[in-house]
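The values are calculated or read from the model by the stated rules, or taken from the named source; none is laboratory data. What you see is a predicted model, and the numbers here were worked out from it, not measured in a lab. Here the Cβ positions follow ideal geometry from the backbone for every residue, glycine too, while neighbour counts run over all protein chains shown. For the accessible areas, the whole protein counts, side chains as well, though only heavy atoms, and no ligand, DNA or RNA atoms are used. Shrake-Rupley method; radii C 1.70, N 1.55, O 1.52, S 1.80 Å.
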Amino acid sequence: TKLALEAMVHSANQNHLGLKHYKENGYISASDEPESVSKTLEYAYDDWCIAEFAKMIGNDSVASIFYERAQNYKNLFDPSTNFFRAKNSYSWFSPFKPEEVNFNYTEANAWQYSLFVPQDISGHIQLMGGNEKYETHLDNMFTASMETSGREQADITGLIGQYAHGNEPSHHMAYLYNYIGKCDKTQKYVKQILEEQYTNLPDGLSGNEDCGQMSSWYVLSSLGLYSVTPGLNYYSIGSPLFEKSTINLENGNIFVIKANNVSDKNFYIQSATLNGEEYNKSYITHSDITDSGEIIFEMGNTPSDWGNIEIPISEIKNNIITPIPYFISESQTFSDVLEIKLGSAIETEIYYTINGSKQEKYTSPIQIKSESEISCRSLKDGKWSKEISAYYYKIDNSKSINIHTEYANQYAAAGDKTLIDHLRGGENYRTGNWQGYRGNIVADIDLGEIKEVTSISIGFLQDIKSWIFYPKTIEILTSENGEFYNHLSFIENNFPDDKEGTFTKDFTYDIGHKIDIKYIKLKAINYGVCPQWHLGAGGQTWLFADEIIIE
């Protein structure tokens with residue numbers, strides 16, 4: 001067990017896949033690593049598993065560290081939406097659409113990761129504002145429109161509202177009503193999933209059978225049991241499908257589950273007995289099963305109050321952390337004055353510094369007029385959060401842009417100003433400041449006044465495995481009045497379209513002399529469809545652009 005713990009800690013303290021930022025900041029930023037929300041939430045659960053293991057073998061020092069890390073989910077909770085959201089370096093990732101499938105989540109959207117805190121369900125309920133708000137969120141998820149937006153994601157299947165039974169992040173959600181004393185709703189949705197999401201036909205599973213997870217959900221749920229939090233010693237009770245189920249245990253014991261009067265309509269539990277004694281818990285321990293015995297459910301066609309008092313508990317009681325605060329600002333760059341707000345997932349005191357100044361208590365929005373680094377942390381019950389920092393850059397920006405082509409919301413970067421905000425995209429299209437387009441790009445830039453211009457360029461990214469190609473050609477047109485444009489130049493792409501890897505390139509036209517320009521129109525022509533040799537042959541390619549530079 002000591003060697004096993006050593007291996008766990010070694011793995012959790014690596015620096016790859018966003019772990020470096022997770023350890024330093026308590027969360028992964030969208031600009032640090034793709035799928036930042038999913039990784040933060042799943043690492044937090046993993047950390048709880050390590051903490052529990054360390055506690056069981058008597059290593060309290062390691063347990064303390066990982067109980068704290070297991071609460072890092074709090075650092076991506078947005079109380080204004082009650083969702084876990086991605087953060088960039090200066091604010092929440094926006095615009096936010098919970099149904100949107102984007103690079104902040106793994107094979108899912110914000111809805112499908114909105115309840116992924118199996119290690120601390122009680123703590124999450126508190127963050128959400130209590131049982132009623134938690135119940136409302138669950139209700140809204142199951143009754144929301146099944147429409148998703150953003151990129152295509154084949155794993156989002158088996159939809160009931162925004163609950164996606166075809167993929168793992170949703171699998172525990174129907175059982176979460178048990179944790180707020182609404183067991184009849186767990187029974188209702190478990191029954192619906194058992195009936196609607198499975199058939200005995202070749203396509204009888206509503207999602208990928210990853211390591212048997214679709215089938216195991218069915219087997220467990222048809223017995224009336226489910227392990228919402230692997231690592232805890234109990235199963236949450238749902239709605240048994242069969243009149244009698246017999247579990248032949250490895251230790252030679254037998255456990256029997258009976259559901260008297262069960263039918264297609266009688267799926268609500270009215271009462272229960274365990275080994276002849278009245279049983280009102282909406283969960284059953286592993287030892288109750290392995291010790292042998294019999295549980296009998298009396299079923300009916302109407303909801304009852306059974307199980308609503310003695311509910312399962314999932315909570316972290318040790319080493320409670322104070323969530324880090326978050327920044328809210330329109331941009332990371334500004335030309336005059338920028339207003340910055342600070343917030344927290346819970347009610348705390350927030351303290352901040354500007355460029356290393358004396359620490360001040362936050363009471364109202366901060367206004368800055370020059371390039372600044374703002375650092376802040378929260379204080380609650382004598383416990384400080386981690387400190388985080390954001391940089392804000394002042395730019396001399398008299399130019400404006402009008403983009404005639406719609407960019408993809410999930411690849412919006414900083415929105416309309418992205419292409420002229422003086423912040424450059426990195427080598428990964430799913431992070432940083434790249435803006436993604438399905439078609440051509442047409443944009444007009446107003447320099448504010450007639451200026452002498454010697455060169456014009458625009459940056460692009462190519463990653464053919466992700467269907468992102470450099471543009472075929474770029475046309476530059478100029479104007480002095482914004483109405484009549486004159487063709488200035490074509491820039492042709494001469495980079496290979498079959499070279500694997502991630503590449504960035506500034507497509508630049510050097511005029512060779514100074515010319516007077518007030519308006520510039522740029523037209524970037526999309527590559528078109530993926531060529532025949534490409535795995536996505538015939539599929540529409542993407543343009544990913546960032547930063548128009550005018551000298």
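For region 394-507, treating each Cα as an identical point scatterer without solvent, what Debye log10 I(q)/I(0) comes out at q = 0.14 1/Å? Summing over Cα pairs of region 394-507 leads to -0.65. When the alpha-carbon atoms of region 210-281 are used, the pair Rg, Dmax equals 13.1, 39 angstrom. In the chain, the DSSP-assigned H stretches of four residues or longer account for a calculated mean residue ellipticity at 222 nm of -5500 deg cm²/dmol, using -39500 (n - 2.57) per stretch and the full residue count as denominator. Sequence gap of 8 or more, or different chains, plus Cα separation below 23 Å: how many lysine pairs satisfy both in region 394-521? For region 394-521, the number of qualifying lysine pairs is 22. Computed on region 1-85, the Cα convex hull volume stands at 83 Å³ per residue. Listed values for region 161-167 are Karplus-derived 3J(HN,Hα) couplings in whole Hz (6.51 cos²θ - 1.76 cosθ + 1.60, θ = phi - 60°), namely x, 9, 6, 10, 6, x, 9, and x replaces Gly and Pro. In region 148-210, one over the average inverse separation of all distinct C-alpha pairs is 12.6 Å, which is the Kirkwood hydrodynamic radius. Diffusion of region 304-388 by Stokes-Einstein, at 20 °C in a medium of 1.002 mPa s and with Rh set to the Kirkwood radius over alpha-carbon pairs, works out to 140 µm²/s. Each peptide in 499-512, 16-29, 302-315, 115-128 was scored by the mean count of other Cβ atoms within 10 Å over its residues; highest first, the order is 115-128, 16-29, 302-315, 499-512. The percentage of C-alpha pairs in region 31-188 whose separation is greater than 27 Å is 24%.
Each principal axis of the Cα cloud of region 230-323 was taken in turn, and the coordinate range along them, longest first, works out to 49, 37, 23 Å. Note on Thr502 and Asn261: with the Förster distance fixed at 45 Å, the Cβ-Cβ geometry gives a FRET efficiency of about 0.15. Charged side chains reduced to their Cβ positions (Lys and Arg at +1, Asp and Glu at -1) give the chain a dipole of some 680 debye around its Cα centre.
Compute the angle between helix 183-196 and the longest alpha-carbon principal axis of the chain, please, reported from 0 to 90 degrees and rounded to the nearest 10. Tilt of helix 183-196: around 70 degrees.
Highest-first packing order for the peptide set 245-254, 57-66, 220-229 is 220-229, 57-66, 245-254, based on the mean count of other beta carbon atoms within 10 Å. Since only Ser29, Thr40, Met56 are under comparison, the one whose Cα sits farthest along the positive direction of the charge dipole of region 1-60, derived from C-beta charges on Lys, Arg, Asp and Glu, is Met56. Once the Cβ-Cβ distance of Asp305 and Asp516 is raised to the sixth power relative to R0 = 60 Å, the FRET efficiency obtained is 0.15. Here the chain has 47 percent of its accessible surface on carbon and sulfur atoms, given a 1.4 Å probe and all protein chains in place.
Starting from the Kirkwood Rh over alpha-carbon pairs, what translational D in µm² s⁻¹ does the chain have by Stokes-Einstein at 37 °C and 0.692 mPa s? Answer from the Stokes-Einstein relation: 124 µm²/s. Protein heavy-atom accessible surface, 1.4 Å probe, per residue over the chain: 45 Å².
Here the ratio of the Cα radius of gyration of region 244-378 to 2.2 N^0.38 Å is 1.99. A cut-off of 5 Å between modelled amide H atoms, ignoring neighbours fewer than 5 places along the same chain, links Leu205 with Thr199. Cross-link partners of Lys2 among lysines, defined as those whose alpha carbon lies under 21 angstrom from its own and excluding same-chain residues fewer than eight positions apart: Lys55. Centroid-to-centroid, using Cα positions, region 478-507 and region 229-282 are 66 Å apart.
Panel note: the C-alpha atoms of region 343-450, placed on their principal axes, show extents of 55, 33, 24 Å (largest first).
A compact globular protein would have a Cα radius of gyration near 2.2 N^0.38 Å; the ratio found for region 91-155 is 1.20. Shown in residue order for region 282-298 are the 3J(HN,Hα) couplings computed by the Karplus curve 6.51 cos²θ - 1.76 cosθ + 1.60 at θ = phi - 60°: 8, 8, 9, 7, 4, 5, 4, 7, 6, 6, 6, x, 8, 10, 10, 9, 9 Hz (x for Gly and Pro). Using a probe of 1.4 Å, the accessible surface attributed to Lys74 totals some 20 Å² when neighbouring protein chains are kept in position. Each residue of region 325-339 was assigned a 3J(HN,Hα) from its phi angle through the Karplus expression (A = 6.51, B = -1.76, C = 1.60, θ = phi - 60°), giving x, 10, 9, 10, 8, 5, 7, 9, 10, 7, 10, 10, 10, 10, 9 Hz with x at Gly and Pro.
Assuming 0.36 nm per residue, please report the length gained on full extension of the stretch Asn251 to Val337 beyond their Cα-Cα distance.
Residue separation times 0.36 nm, minus the Cα-Cα distance, leaves 23.9 nm.
Please find the FRET efficiency linking Ala4 to Asn318, where r is the Cβ-Cβ separation and R0 is fixed at 25 Å, and quote it to the nearest 0.05. Efficiency, from the Cβ-Cβ distance: 0.75.
Computed from point charges on the beta carbon alone (+1 for Lys and Arg, -1 for Asp and Glu), the dipole magnitude for region 286-334 about its Cα centre is near 380 Debye. Return, ordered by residue number, the residues of region 161-205 whose backbone nitrogen is under 17 Å from a label point located 7 Å along Cα→Cβ of Glu132. What the label zone holds, given the 17 Å backbone N cut-off, is 180-182.
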